[in-house]
Amino acid sequence: MVKVGIIGYGYWGPNLFRNFNETLNAQVVCVCDLKTDRISIVKHNYPTIKVTNDHRELISDKRIDAVVIATPVSTHFELAMLALKAGKHVLIEKPLAATSEEYSRLIDEAGKRKLVLLVDHTFIYTGAVKKIHELTRKNLIGNIYYYDSVRINLGIFQHDVNVIWDLAVHDISVMDYLLKEKPYGVSATGGSHVKGKPEDVAYMTLFFAKKLIAHLHVNWLSPVKVRRTLIGGTNKMIVYDDLEPSDKVKVYDRGIAVHEGSEAMRQILVSYHSGDMWAPYLDVTEGLRAEVEHFADCIENMKTPITNGESGLRVVKILEAANKSMEKHGRPVKLK
């Protein structure tokens with residue numbers, strides 16, 4: 001059984017705690033947080049679990065095999081590096097670090113010490129995203145024309161990251177997992193409407209070598225909550241609505257067929273087809289539960305996580321390019 005220590009018991013920490021404590025192949029033995037009231041909650045509800053406000057005490061605990069980090073982004077690199085150097089496997093909230101340089105250093109450290117480094121891109125472990133991945137790999141969708149996502153709500157304003165790093169990171173990680181092609185450039189525009197805070201509304205376009213194009217819209221100022229992704233292909237089209245209580249994924253047998261006319265006609269004829277819609281069966285296991293079980297399995301059997309450091313690094317490079325593009329009022333920025 002993998003013994004786990006959790007640093008950070010704020011917004012996401014309790015969810016991680018619950019899932020690790022309920023899975024069969026992992027056990028939480030220590031929780032760390034700077035706020036006394038949070039520590040008191042853990043101590044009251046789980047008296048057998050050690051609590052501390054010193055992350056160094058948790059990381060140096062010899063009972064602990066893996067450290068889970070659920071703290072502000074600005075603290076991720078230092079905490080993760082300390083944990084890796086102490087020989088601990090690491091699961092860390094997205095994004096893994098604030099820069100791609102820090103990402104690379106953490107990846108190198110984990111590789112050198114043969115430790116598991118997993119980035120908490122939870123949506124990739126949901127039944128909906130796993131089903132879409134299965135459909136795309138079976139080529140049921142055909143060649144993908146576009147990837148369009150909207151993630152908006154009257155959200156929680158972050159002080160250390162903008163809306164792209166907070167919300168678009170989810171969609172970029174899902175897109176990276178689903179699409180075989182990788183983007184070569186990014187264009188982004190955004191704005192801040194609260195003094196002293198980062199951008200709260202943003203639009204991103206990602207460019208690919210072929211005809212595929214992707215567009216992402218994220219917003220902390222929307223009066224309604226929307227979590228919807230559209231994927232259009234030559235054979236089928238997919239609508240993924242994460243807020244649907246059931247039938248989160250719907251596959252539409254709709255599309256177009258292009259027929260070139262004779263040279264004399266000098267025209268292209270477009271015909272439309274509209275068939276059935278079907279909603280595939282989805283695994284209802286909570287995404288975070290599947291993720292923590294996968295993390296423990298990777299530790300026990302020395303496997304490479306689905307959301308490993310390299311996949312997370314690709315996501316952060318896109319986020320960095322988007323920031324540069326916003327500074328240039330939407331001018332495209334190439335990805336290395």
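Filtering the range 48-75 down to residues that are free of Cβ contacts under 8 Å to residues at least 12 places away in the same chain and assigned to a loop (DSSP other than H, G, I, E, B), which residue is surrounded by the most Cβ atoms within 10 Å (Cβ to Cβ)?
Lys62
For the subset of the range 124-161 comprising residues that are within 14 Å of the chain's Cα centre (by Cα) and hydroxyl-bearing (Ser, Thr, Tyr), which member is farthest from His76 (Cα to Cα)?
So, considering only residues that are within 14 Å of the chain's Cα centre (by Cα) and hydroxyl-bearing (Ser, Thr, Tyr), the one farthest from His76 (Cα to Cα) is Ser149.
Among the residues of the range 80-128, which ones are in contact with a Lys or Arg (Cβ under 9 Å, 6 or more places away or on another chain), among the hydrophobic types (A, V, I, L, M, F, W, C) and in contact (Cβ under 8 Å) with a residue 60 or more places away in the chain?
Ala97, Val116, Val119, Ile124, Ala128
Considering only residues that are modelled with pLDDT of 95 or more and among the β-branched types (Val, Ile, Thr), look in the range 91-113 and name the one that is surrounded by the fewest Cβ atoms within 10 Å (Cβ to Cβ).
Top of the filtered list is Ile107.
Any residue that is assigned to a helix (DSSP H, G or I) and hydroxyl-bearing (Ser, Thr, Tyr) - is there at least one of those in the range 101-118?
yes
Go through the range 178-192 residue by residue and tally those that are outside any strand (DSSP E or B) and in contact with a Phe, Trp or Tyr (Cβ under 9 Å, 6 or more places away or on another chain).
Number satisfying all stated conditions: 6.
Report whether or not Lys180 is more than 14 Å from the chain's Cα centre (by Cα), surrounded by fewer than 19 Cβ atoms within 10 Å (Cβ to Cβ), under 30 Å from Leu135 (Cβ atoms) and modelled with pLDDT under 95.
yes
Report every pair of residues separated by at least 6 positions or lying on different chains whose Cβ atoms are under 7 Å apart, first residue within the range 185-204 and free of Cβ contacts under 8 Å to residues at least 60 places away in the same chain, second β-branched (Val, Ile, Thr) and not in a strand (DSSP E or B).
Pairs that qualify, where the first residue is free of Cβ contacts under 8 Å to residues at least 60 places away in the same chain and the partner is β-branched (Val, Ile, Thr) and not in a strand (DSSP E or B), are Pro198/Val161; Asp200/Val163; Asp200/Val194; Val201/Val163.
Scanning for something part of a loop (DSSP other than H, G, I, E, B), exposed (fewer than 12 other Cβ atoms within 10 Å of the Cβ) and either modelled with pLDDT of 90 or more or in contact with a strand residue (DSSP E or B) (Cβ under 9 Å, 6 or more places away or on another chain) (or both), does the range 286-300 turn up at least one residue?
Among the residues of the range 286-300, not one is part of a loop (DSSP other than H, G, I, E, B), exposed (fewer than 12 other Cβ atoms within 10 Å of the Cβ) and either modelled with pLDDT of 90 or more or in contact with a strand residue (DSSP E or B) (Cβ under 9 Å, 6 or more places away or on another chain) (or both), which makes the answer no.
Quick one: in the range 121-166, of everything that is assigned to a strand (DSSP E or B) and in contact with a Leu (Cβ under 6 Å, 6 or more places away or on another chain), which residue is surrounded by the fewest Cβ atoms within 10 Å (Cβ to Cβ)?
Asp148
Only one of Asn19, Asn25, Asn15 is in contact with a Lys or Arg (Cβ under 6 Å, 6 or more places away or on another chain), within 27 Å of Glu310 (Cα to Cα) and not β-branched (Val, Ile, Thr). Can you tell me which?
Exactly one residue qualifies, and that residue is Asn19.
Taking the range 301-312 as the region of interest, how many residues are surrounded by fewer than 14 Cβ atoms within 10 Å (Cβ to Cβ) and part of a loop (DSSP other than H, G, I, E, B)?
3
Checking Gly13 against (1) crowded, with 18+ Cβ neighbours inside 10 Å; (2) at positive phi: exactly one of these is not met. Which one?
It fails just one condition, (2).
Among the residues of the range 78-87, is any in contact with a Phe, Trp or Tyr (Cβ under 8 Å, 6 or more places away or on another chain) and closer than 23 Å to Arg289 by Cβ?
No: zero hits.
From the set of residues in the range 313-335 that are basic (Lys, Arg) and touching a helix residue (DSSP H, G or I) at 6+ places or on another chain (Cβ under 7 Å), which is surrounded by the fewest Cβ atoms within 10 Å (Cβ to Cβ)?
Here the residue is Arg331.
The values are calculated or read from the model by the stated rules, or taken from the named source; none is laboratory data. Given the structure is predicted, the values throughout are model-derived calculations rather than measurements. Virtual Cβ from ideal backbone geometry, glycine too; neighbours counted across all protein chains shown.
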